[in-house]
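Undergrad: Sharing a structure here in C-alpha cells format.
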Amino acid sequence: MPDVVFVEADGNEFRVEVASGTTARDAAVNSSVPGIDGDCGGVCACATCHVHVDPKWIDIVGTAAPGSVEAGLIQFAEGNTDASRLACQVTITPELNGLVLHIPKGQH
Ligand code: FES
C-alpha cells in the first residue's frame, strides 16, 4: 500500500499506509492525524482538510482545477498557497507512494 507522510507545522511527521483509492482526508482522519478535521465528511464543503502539497509532489498531484468548488473553498482557507489542496479531493494511487502533505497551523 502507498505511504503518505503528513507533516505538522512544527515538523512532526505522521507516516500512514493508505489503500489505493482512499482520499488523503480519509487516510488522515482514520489514522487520527491531528490537524485534518474533515468536518464535512469529505464532500468538499468545509475546507477543514486543507493541506499544502510538498513542492516535490505538486506537479504530480496537480493543483485544484480553476473554477472548481475545491478552488473556491481554498480561496477562503487560512494560509492558502499555490500548493493548497483539499485532502478530500486527493485520491491516493500507487504513483503517490511517499507523498508528503503539509498541514497548516490552523484549519478555521
Ligand atoms: S473534508 Fe470538507 S472540504 Fe474536505
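Undergrad: Is the stretch 53-71 home to any residue that is under 16 Å from GLY98 (Cβ atoms) and within 16 Å of the ligand (Cβ to nearest atom)?
TA: yes
Undergrad: For the stretch 71-99, name all the residues that are acidic (Asp, Glu) and farther than 16 Å from ILE36 by Cα.
TA: Within the stretch 71-99, ASP82, GLU95 qualify.
Undergrad: How about the stretch 64-77: which of its residues are closer than 24 Å to ASP10 by Cα, assigned to a loop (DSSP other than H, G, I, E, B) and within 15 Å of the chain's Cα centre (by Cα)?
TA: Listed by number, the list holds a single entry, ALA77.
Undergrad: Taking the stretch 9-48, which residues are surrounded by fewer than 16 Cβ atoms within 10 Å (Cβ to Cβ), in contact (Cβ under 8 Å) with a residue 40 or more places away in the chain and within 12 Å of LEU101 (Cα to Cα)?
TA: ALA9
Undergrad: Of the residues that sit in the stretch 72-108 and are of a type outside the set (A, V, I, L, M, F, W, C) and near the ligand (Cβ under 10 Å from one of its atoms), which one is surrounded by the fewest Cβ atoms within 10 Å (Cβ to Cβ)?
TA: GLN107
Undergrad: Right, something else. Tell me, which residue of the stretch 24-48 that is out of contact with any Cys (no Cβ under 8 Å at 6 or more places or on another chain) and closer than 19 Å to ASN80 by Cα is farthest from the ligand (Cβ to nearest atom)?
TA: Per the criteria, the residue is PRO34.
Every number in this text was worked out from the coordinates using simple rules, so none of it is lab data. Source: prediction; values computed, not measured. As a convention, Cβ positions derive from the backbone with ideal geometry for all residues, glycine included, and neighbour counts pool all protein chains shown.
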